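Report on the following structure.
The values are calculated or read from the model by the stated rules, or taken from the named source; none is laboratory data. Note that the structure is a prediction, hence the values are computed from the model and not measured. Please note: Cβ atoms are built from the backbone with ideal geometry, for glycine as well, and neighbour counts cover all protein chains shown.
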Amino acid sequence: MTAIAALPFLPEAVIFDMDGLMIDSERVSLACWSQAARELALPFTDDFWLGMVGLGDRDCEQRLRQHIDADAVAALFARCHDLYEERTQQGLPLRPGIVEILQLLQAHGIPRAVATSTRQPRASRKLAATGLLAYFDHVVTSSDVAHPKPAPDIYLLAARKLGKDPARCLALEDSPAGIRAAVGAGMTAIQVPDLVHPDADLRALGHRIVESLTDAHALLLPLLQKRTVEPKGGTEG
């Protein structure tokens, strides 16, 4: 793996995406979209669903309405919702390394928030069901903002709720839409790609791209260790 540049400062807060980053749910979501479309005899390919990763409901609806009418969109959403609820009740796995990085930040007193395109109350239900909810000071969803990802609103609101300058926050994301939102908010961003990998346009944003949350953990650890050993009154960079 190409060496990843060290983080420029110890973040005052870390803000996490949810689906695809912390919870291995994107594959479930895509499978539900695909199954619902097949059941309704709607002409979509798997590549189409990949284009909706990281987007909120409104943006997904707009994409669908370019191909099918409003009634078909409503039927597709309803069936996909039912399928997804059935799957989530069976339990969703966590992404490797998420508990370890959350425990690290918690141990060092770094505030944490969620910034997700999933709406309430589903977001809180999923976080609670996976045991992650207790790690976070705030959960911000697309229900809380006028413009979901890739607009920066969710990240700006999360920083505001934490009482932190966005420029001193770190964002962890998996999707292109999420990275655009975080960078647009002025945050330092680390991408852990899941289903959709960054193209040249996304890479041009200059954010850090790592293979796993374990790699993100490794970027944070030396900064946290440095703060631990510094004498009282030392700087954090």
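Could you run through the stretch 52-100 and say how many residues are small (Gly, Ala, Ser), loosely packed, with under 13 Cβ neighbours inside 10 Å and closer than 27 Å to Val14 by Cα?
Counting residues in the stretch 52-100 that are small (Gly, Ala, Ser), loosely packed, with under 13 Cβ neighbours inside 10 Å and closer than 27 Å to Val14 by Cα gives 1.
Looking at Asp144, Asp153, can you tell me which residue is among the charged types (D, E, K, R) and either closer than 22 Å to Asp24 by Cβ or over 14 Å from the mean Cα position of the chain (by Cα) (or both)?
Among Asp144, Asp153, only Asp144 is among the charged types (D, E, K, R) and either closer than 22 Å to Asp24 by Cβ or over 14 Å from the mean Cα position of the chain (by Cα) (or both).
Here is a list: Pro166, Pro148. Which entry is more than 28 Å from Pro93 (Cα to Cα) and buried (at least 20 other Cβ atoms within 10 Å of the Cβ)?
Result of the check over Pro166, Pro148: Pro166.
Looking at the stretch 7-62 only, could you name the residues that are part of a helix (DSSP H, G or I) and either aliphatic (A, V, I, L, M) or touching a Cys at 6+ places or on another chain (Cβ under 7 Å) (or both)?
Val28, Leu30, Ala31, Cys32, Trp33, Ala36, Ala37, Leu50
Report, ordered by the first and then the second residue, all pairs with beta carbons closer than 6 Å, sequence separation of six or more or different chains, a first member in the stretch 14-31 that is farther than 17 Å from Gln103 by Cβ, and a second member that is of a type in the set (Phe, Trp, Tyr) and modelled with pLDDT of 85 or more.
That search, which allows pairs on different chains as well, returns Leu30/Trp49.
Mind checking which pairs have a first residue in the stretch 49-64 that is not assigned by TED's automatic domain parsing to the domain that holds Asp174 and a second that is buried (at least 21 other Cβ atoms within 10 Å of the Cβ) and of a type in the set (Phe, Trp, Tyr), Cβ under 7 Å, 6 or more apart or different chains?
Trp49/Trp33
Are any residues in the stretch 116-135 surrounded by fewer than 18 Cβ atoms within 10 Å (Cβ to Cβ), of a type in the set (A, V, I, L, M, F, W, C) and out of contact with any Leu (no Cβ under 6 Å at 6 or more places or on another chain), and if so, which ones?
Matches in the stretch 116-135: Ala128, Ala129, Ala134.
Determine which member of the set Arg180, Arg160, Arg119 is outside any loop (DSSP other than H, G, I, E, B), closer than 23 Å to Met52 by Cα and of a type in the set (Lys, Arg).
That would be Arg180, the only listed residue that is outside any loop (DSSP other than H, G, I, E, B), closer than 23 Å to Met52 by Cα and of a type in the set (Lys, Arg).
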